[in-house]
Amino acid sequence: MNLKSLLMGLIFVLFWSSAFTSAKILVSNSPPLLILGIRFLLTGVIGILINNIFFDKIRLNYDDWKFILSFGICQNTLYLGLNFLAMDQIDAYLAVIVASLLPIFVAIISFILKKNKIYFLSIIGILIGFLGCSIILVPKITVNFNLYGLTLCLIAVIALAMATLIIKDGFSKKEQLLPFVSIQMVVGGLPLLLLSLIFEEWTINFSNSFIVAFIYTCFFPGLIATMIWFNLVKRIGVIMASSFHFLTPPTGVVIAYIILNEKVNINDIFGILFVTIALITIHQANKKTKN
């Protein structure tokens with residue numbers, strides 16, 4: 001992994017992990033499916049307009065539409081939709097630790113579908129990363145354990161693992177990155193709005209924190225982070241790219257400390273150390289595989 005890929009991964013982690021804090025602010029002021037659906041629809045439309053104004057016109061074939069539909073449903077409707085619902089049911093840190101299991105699910109599903117081999121060193125790195133996440137987050141899990149919320153998070157992370165593998169096989173046109181990302185957001189947002197119309201009461205508290213969190217979530221964890229994620233998976237592969245999700249918990253802890261004034265303790269420091277070792281181990285496994 002070169003320096004550019006490393007920087008891309010770290011920027012992605014920064015934006016992606018900050019979404020847990022902004023999402024908590026959003027769901028505390030509005031129905032989760034409604035605000036997520038509006039976010040996707042607005043961000044997607046803006047992305048399409050930017051592409052049509054500054055770049056080439058969108059040209060999509062049948063395979064492109066299959067990719068966009070499957071990715072949009074897996075990542076946006078299922079992964080983010082279920083996570084936003086879970087935020088109303090469980091402690092936010094529990095959602096983070098389940099989301100950090102992504103590299104394990106990617107490796108397992110990839111192996112089952114015979115898309116990638118799992119090497120011993122990669123397995124060791126994945127286990128070390130999971131241990132690091134556990135050290136950080138287990139002490140923060142509240143006693144009010146909610147099986148329903150946990151189930152939503154588990155289904156969500158499996159959907160994200162499928163979306164990650166879909167990127168590897170389906171996305172090849174880098175010049176079409178912005179329209180791909182934008183259209184899949186619209187695709188993922190429409191079912192959420194329909195479900196919200198059926199099951200939710202449309203009441204929003206337009207506080208200052210809500211407005212700032214909504215604008216930030218639309219463009220940074222939403223549009224920019226997704227574009228970086230597409231490129232990262234294509235550059236370094238699904239297993240190595242998904243290993244960056246091990247950095248989400250410690251980064252999320254730091255962001256929560258800055259924004260929500262939550263404490264950082266010795267467990268967080270030890271956890272970050274284990275996560276760093278895990279990334280180095282997985283990197284070495286991929287390096288040896290290429291050689």
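Between ILE259 and LEU195, the contour length at 0.36 nm per residue exceeds the alpha carbon distance by 19.9 nm. At q = 0.12 Å⁻¹, what base-10 log of I(q)/I(0) does the Debye formula yield for the chain when every alpha carbon is treated as an equal point scatterer in vacuo? Reported log10 I(q)/I(0), two decimals: -0.74. By the count of other C-beta atoms within 10 Å, a proxy for reagent exposure, TRP202, TRP229 are ordered fewest to most as TRP202, TRP229. Relative contact order for the chain: 41 percent, from Cα pairs under 8 Å spaced at least 6 residues apart, divided by residue count. In terms of Cα atoms, the Rg and Dmax of segment 11-65 work out to 15.2, 40 Å.
Given a Förster distance of 35 angstrom, what is the FRET efficiency for ILE277 paired with THR151, based on the Cβ-Cβ distance and rounded to 0.05? For R0 = 35 Å, the calculated efficiency reads 0.70. Here each label is just a point 7 Å from Cα along the line to Cβ, and for LYS66 and LEU49 those points are 3.4 nm apart.
The numbers here are math on the coordinates, done by the rules we state, and not lab data. Just so we're clear, the structure is a prediction, and the values are computed from it rather than from any experiment. No Cβ is skipped: glycine too gets one built from the backbone with ideal geometry, and neighbour counts run over all protein chains shown.
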